[in-house]
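Heads up, the thing below is written out as structure tokens.
The values are calculated or read from the model by the stated rules, or taken from the named source; none is laboratory data. If you're wondering where the values come from, they're calculated on a predicted model, not measured in any experiment. Please note: Cβ atoms are built from the backbone with ideal geometry, for glycine as well, and neighbour counts cover all protein chains shown.
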Amino acid sequence: MTNEVNSSLHAFETLKQYFNPYAEEVWAVALNSHLQVLGREMIFRGTADQCLIHPRDIFRFLILSNASSFILAHNHPSKEVLPSDQDLILTRKIHNAGVLFQIPLQDHIIFSKEKYFSMADHGYFKSWKKSFRAEKFRS
């Protein structure tokens with residue numbers, strides 16, 4: 001992987017070589033304050049159509065890497081890259097945890113062999129950031 005990840009396309013091009021085409025895998029890429037890669041790690045491996053994930057394992061890797069931010073990526077062996085409802089629910093939880101830990105999630109990219117879907121490019125993080133702020137003021 002090159003030293004800096006500056007776009008979702010760049011993340012896709014550099015990470016896709018690591019993914020298993022037969023089972024879902026979740027990877028985290030730890031970044032420094034200049035979006036330079038500190039490390040990458042496969043956090044979970046699942047089956048052909050699911051992967052159980054727990055945020056604590058992601059943040060353990062990020063904290064040990066001294067990350068300033070991170071990218072989350074996982075593959076869909078089905079080749080459908082649109083996020084499932086479960087993908088969106090989990091990503092929102094991880095996004096909010098990143099805000100609390102002050103290790104922001106830069107993007108969550110869903111891969112197939114030929115294409116990808118970037119949640120940041122599709123505006124999810126901006127809307128979650130606004131609703132997270134509103135939730136804090138209501139409590």
Q. Is it true that some residue in the range 63-73 is aliphatic (A, V, I, L, M), closer than 28 Å to residue 22 by Cα, over 12 Å from the mean Cα position of the chain (by Cα) and surrounded by fewer than 17 Cβ atoms within 10 Å (Cβ to Cβ)?
A. no
Q: Report yes if some residue within the range 122-130 is over 11 Å from the mean Cα position of the chain (by Cα), modelled with pLDDT of 90 or more and not acidic (Asp, Glu); otherwise report no.
A: yes
Q: Determine if the range 58-66 includes at least one residue that is over 22 Å from residue 10 (Cα atoms) and of a type in the set (Lys, Arg).
A: yes
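Name every residue in the range 42-54 that is of a type outside the set (Phe, Trp, Tyr), crowded, with 16+ Cβ neighbours inside 10 Å and at pLDDT 85 or above, in order of residue number.
To start, the set of residues in the range 42-54 that are of a type outside the set (Phe, Trp, Tyr) comprises 42-43, 45-54.
Applying the additional criterion that residues be crowded, with 16+ Cβ neighbours inside 10 Å yields 43, 46, 51, 53.
Scanning the range 42-54 gives a single hit, 43.
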(Q) So for the range 13-22 (the condition being surrounded by 13 or more Cβ atoms within 10 Å (Cβ to Cβ) and touching a helix residue (DSSP H, G or I) at 6+ places or on another chain (Cβ under 9 Å)), does at least one residue qualify? (A) no
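Do the conditions hold for residue 113, that is, is it modelled with pLDDT under 95, in a helix (DSSP H, G or I) and either surrounded by fewer than 20 Cβ atoms within 10 Å (Cβ to Cβ) or not hydroxyl-bearing (Ser, Thr, Tyr) (or both)?
Details: modelled with pLDDT under 95: yes; in a helix (DSSP H, G or I): no; either surrounded by fewer than 20 Cβ atoms within 10 Å (Cβ to Cβ) or not hydroxyl-bearing (Ser, Thr, Tyr) (or both): yes.
Judged against the criteria, residue 113 is not a match.
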